[in-house]
Amino acid sequence: QVQLVESGGGLVQAGGSLRLSCAASRSIFSINAMGWYRQAPGKQRELVARITSGGRTNYADSVKGRFTISRDNAKNTVYLQMNSLKPEDTAVYYCNARWNLNDYWGQGTQVTVSS
């Protein structure tokens with residue numbers, strides 16, 4: 001089992017920045033991959049960014065060059081640095097961990113970008 005707790009969401013103006021954190025209840029060193037997803041009202045949940053245990057990253061095209069995912073194994077925490085935020089980035093952001101063929105989710109944190 002893996003419990004995930006997100007933090008760092010909030011309200012920001014367009015062009016601003018936020019950093020999301022996802023704290024895991026176990027060592028993330030052995031977790032195959034961790035990622036951030038988001039879901040806007042009326043839309044499907046979509047992958048934003050993902051980082052593997054080996055450090056490989058991938059991003060949605062819509063956030064490339066603006067968002068950066070990173071992990072701190074010593075703190076069992078994954079981060080999502082979001083810069084140059086746009087109103088279309090408004091969504092609930094969820095942390096995900098894929099471990100032993102199972103997916104685990106956090107409760108989500110709201111990010112609202114005003115124009």
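Electrostatic bookkeeping for T90 treats Lys and Arg as +1 and Asp and Glu as -1; over the other residues with beta carbon under 12 Å from its beta carbon, the sum is +1. Counting charges near R50 (Lys, Arg +1; Asp, Glu -1) among other residues having Cβ under 14 Å from its Cβ returns a value of +3.
Taken about its Cα centre, the chain carries a charge dipole of about 180 debye when Lys and Arg each add +1 at the Cβ and Asp and Glu each add -1 at the Cβ. Of the residues R45, R19, the one with the largest accessible area comes first in the ranking R19, R45, computed with a 1.4 Å probe on protein heavy atoms. Sequence-ordered 3J(HN,Hα) estimates for segment 33-46 from the Karplus curve with 6.51, -1.76 and 1.60 and θ = phi - 60° stand at 7, 10, x, 10, 10, 9, 9, 8, x, x, 10, 7, 5, 10 Hz, glycine and proline given as x.
The values are calculated or read from the model by the stated rules, or taken from the named source; none is laboratory data. What you see is a predicted model, and the numbers here were worked out from it, not measured in a lab. Virtual Cβ from ideal backbone geometry, glycine too; neighbours counted across all protein chains shown. Side chains are part of the model used for accessible areas, which takes the heavy atoms of the whole protein and leaves out ligands, DNA and RNA. Shrake-Rupley method; radii C 1.70, N 1.55, O 1.52, S 1.80 Å.
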